[in-house]
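Peer 1: I'd like to ask you about the structure that follows.
Where a number appears in this text, it was derived from the coordinates with a stated rule and is not lab data. Keep in mind that this is a model prediction, so the values were computed, not measured. Note that we place each Cβ from the backbone using ideal geometry, even for glycine, and neighbour counts take in every protein chain shown.
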Amino acid sequence: MDERRLIARAKQGDAEAFDQLVRRYWERIYRLAVPLVGVTEADDVAVETFEIAWQKLPQFRGDASLGTWLFRIALRVAHRRQHSPFHRHEEVWSELVPADEGLLAWTDPEELIRQREEAWQVHWALQQLPLPLREAVVLRFFEELSYAEMAQVLGVSETAVRKRVTAALRQLAVLLQPSPSPKRGEQA
């Protein structure tokens with residue numbers, strides 16, 4: 001069934017139609033939340049996003065796409081959690097362990113370690129960015145939204161979105177710059 005029909009049915013209280021919408025968008029909302037609040041809280045952000053969406057769906061006018069509307073809700077939820085005194089930073093190692101242990105059988109251990117280090121460094125660098133810049137990076141490069149879509153999600157102009165992405169990339173470049181290794185004979 002097409003999305004417009006599902007939305008119309010869900011607005012009338014059809015839980016099955018809403019459930020189909022949740023299945024269509026769950027992974028994207030979850031992926032959006034992970035770099036913002038971490039793996040542990042991403043599931044909670046997704047759940048809360050869809051709870052709010054169910055409550056507010058009758059107010060959804062369709063000016064933007066449903067995905068854009070859900071992203072806006074998810075960003076607000078993540079932002080609120082980020083500023084909560086109970087927000088906790090978690091270890092990222094669980095994110096870096098392959099889900100399939102069979103991967104270890106054919107992966108060069110040194111390559112796997114290098115990939116994990118790089119993933120950890122990127123995760124760490126993202127966490128150093130102010131939330132508005134982190135949101136811009138996640139929407140642009142993880143969710144691959146256009147600047148126009150990002151502007152709708154974030155509620156700012158396209159120019160502001162482009163400035164945020166540029167500023168974020170500059171800060172990430174500095175944060176991810178390799179530290180100079182000591183020359184032979186020098187102490188670290």
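Peer 1: How do 171-178, 26-33 rank on mean C-beta neighbours within 10 Å, highest first?
Peer 2: So the peptides 171-178, 26-33, ranked by packing, come out 26-33, 171-178.
Peer 1: Turning to a different aspect of this structure: Give me the extension gain from Asp44 to Glu144: residue separation times 0.36 nm, minus the current Cα-Cα distance, reported in nm with one decimal. If you can, show how the numbers build up before the last one.
Peer 2: Details: separation 100, 0.36 × 100 = 36.00 nm, distance 2.29 nm.
Using 0.36 nm per residue and subtracting the Cα-Cα distance, I get 33.7 nm.
Peer 1: Excluding Leu129 itself, what net charge comes from residues whose Cβ is under 11 Å from its Cβ, given Lys and Arg +1 and Asp and Glu -1?
Peer 2: Net local charge, Leu129 excluded: +2.
Peer 1: To continue, here is another question. Going by average Cβ density within 10 Å per residue, which order do the peptides 127-140, 147-160, 51-64 take, highest to lowest? It would help to have the intermediate numbers written out before the result.
Peer 2: Details: 127-140: 19.3, 147-160: 16.7, 51-64: 12.4.
Result, highest mean Cβ count within 10 Å first: 127-140, 147-160, 51-64.
Peer 1: Something else about it: Under a plain spin-label model, where a point goes 7 Å from the Cα along Cα-to-Cβ, how far apart in nm are Glu117 and Arg31?
Peer 2: Taking the two extended label points, one gets 2.8 nm.
Peer 1: Quick one: length gained pulling Glu16 to Phe60 fully straight, 0.36 nm per residue minus the C-alpha distance?
Peer 2: Value of the extension gain: 14.0 nm.
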